[in-house]
Amino acid sequence: SYRREVERFIHWVALILEKTLADVTREDVENFIEFCKQPPKHWIGVSKPARFIENNGARIPNKAWRPFVATVSKSGYRRGQLPDIKNFELSEHSIRELFAILSSFYQYLVQEEHVKNNPFSLVRQKSRFIRKTQGPIKVRRLSELQWQYVVEQTEKLAEQSATHERTLFILSALYAMYLRISELTASPRWAPQMNHFFRDGDGAWWFVTVGKGNKERHIAVSEAMLEALKRWRRHLNLSALPTTSDYSPILPKQKGKGPISSTNHIRNIVQIAFDNAIMQLKQDGLGEEAEHFMKPQCIGLGIPVYQMM
């Protein structure tokens, strides 16, 4: 998210505004937000290609990449609707995120003495761009029935192909430990290992992870999660439970060595499980329950959508 917002802004400052970051004013910021709400069509794409292409060892800019991407909802996609740049719209959430990220970016530049002030903090009437909401935000979660269907359908997949043992474990970790997808994948700052599951002096099991803001947190491991871990380790031909010297990755790659590092790969695995649950719910006459999965807010399992990011 930070990279996306900073890239957009720097492109606009250099190509449209023709200024440096140090010369941006409050009025420029307001113009930028208006620009983001209705960017030129040639700035909008309908897919998310890589920013660069490898060519003979060199990284060449990908001409298909665009700063903005038009999308459709899951339900719209299932109805055959395709993304159209004519329908591009910046959501309220995206505008809030824009303000937060770019203000943080400029605060860093101020601290590094690269600029003198933060033009985003000087915007006086943010209400022009950000609509205020009252009351708590409604968060959709999976019901017990929906979760039951997800597990049952995934267990059937695992019976047909052992590769779906991975799917079962991923779902269990996300649901039972409230993990973000990023906390299951390896990154330069953190790589989840088997010995991150550990038992304390009282015999209780815990899982340690590092999430957003590089913050470490300890999560209690339930009996159900412990059983899911044992099942996954048996599939990997490991002992029932890890020891402190077990540095093997929690989610090893199916091909090659090392841990999974792609969050998109995990998202696709979760989506397969959801798709199968949706299909079975519809076959069982539970269309209303199935529709819940296709709403934009239902990206999480038993947890709020932001934790899956």
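Are any of the residues in the range 70-87 part of a strand (DSSP E or B), of a type outside the set (Ser, Thr, Tyr) and either open to solvent by less than 90 Å² (accessible area, probe 1.4 Å) or touching a strand residue (DSSP E or B) at 6+ places or on another chain (Cβ under 6 Å) (or both)?
Of all residues in the range 70-87, those part of a strand (DSSP E or B) come to none.
Scanning the range 70-87, I find no residue that is part of a strand (DSSP E or B), of a type outside the set (Ser, Thr, Tyr) and either open to solvent by less than 90 Å² (accessible area, probe 1.4 Å) or touching a strand residue (DSSP E or B) at 6+ places or on another chain (Cβ under 6 Å) (or both), so the answer is no.
Does ARG4 meet the test of being basic (Lys, Arg) and in a loop (DSSP other than H, G, I, E, B)?
On the way: basic (Lys, Arg): yes; in a loop (DSSP other than H, G, I, E, B): no.
The answer is no for ARG4.
Scan the range 74-82 and tell me whether some residue there is modelled with pLDDT of 90 or more and farther than 30 Å from LEU122 by Cβ. Looking through the range 74-82, none of the residues is modelled with pLDDT of 90 or more and farther than 30 Å from LEU122 by Cβ.
Selection of the range 12-30 for residues being farther than 19 Å from ALA100 by Cβ and part of a helix (DSSP H, G or I) yields ALA14, LEU15, ILE16, LEU17, ALA22, ASP23, GLU27. Within the range 241-261, the set of residues being open to solvent by less than 50 Å² (accessible area, probe 1.4 Å) and part of a loop (DSSP other than H, G, I, E, B) comprises LEU241, PRO242, ASP246, SER248, ILE250, LEU251, GLY258, ILE260.
Give me a count of the residues in the range 51-69 that are part of a loop (DSSP other than H, G, I, E, B) and open to solvent by 40 Å² or more (accessible area, probe 1.4 Å). Spell out how you get there, then give the answer.
First, the residues of the range 51-69 that are part of a loop (DSSP other than H, G, I, E, B): 51, 56-57, 62-67.
The next check asks that each one be open to solvent by 40 Å² or more (accessible area, probe 1.4 Å); those that pass are 51, 56-57, 63-66.
Total meeting the criteria: 7.
Filter the range 93-103 down to the residues that are under 20 Å from the mean Cα position of the chain (by Cα) and open to solvent by less than 50 Å² (accessible area, probe 1.4 Å) and list them by number.
Within the range 93-103, SER94, ILE95, GLU97, LEU98, PHE99, ILE101, LEU102 meet the criteria.
Selection of first residues in the range 99-115 that are in contact (Cβ under 8 Å) with a residue 40 or more places away in the chain and of second residues that are surrounded by fewer than 18 Cβ atoms within 10 Å (Cβ to Cβ) and acidic (Asp, Glu), restricted to Cβ pairs under 9 Å at least 6 apart or on distinct chains, gives the following pairs, ordered by first then second residue: VAL115/ASP23. Within the range 238-274, the set of residues being more than 30 Å from GLY201 (Cβ to Cβ) and of a type in the set (A, V, I, L, M, F, W, C) comprises ILE260, ILE266, ILE269, VAL270, ILE272, ALA273, PHE274. In the range 1-22, the residues that are free of Cβ contacts under 8 Å to residues at least 60 places away in the same chain never reach a residue that is surrounded by fewer than 13 Cβ atoms within 10 Å (Cβ to Cβ) with C-beta atoms less than 6 angstrom apart, at least six apart or across chains.
The values are calculated or read from the model by the stated rules, or taken from the named source; none is laboratory data. Worth saying up front: this structure is predicted, and the values here are computed from it rather than measured. Neighbour counts are summed over all protein chains in view; Cβ atoms, including those assigned to glycine, are modelled from backbone coordinates with ideal geometry. Just the protein is used for accessible areas: all its heavy atoms, side chains included, with ligands, DNA and RNA removed. Shrake-Rupley method; radii C 1.70, N 1.55, O 1.52, S 1.80 Å.
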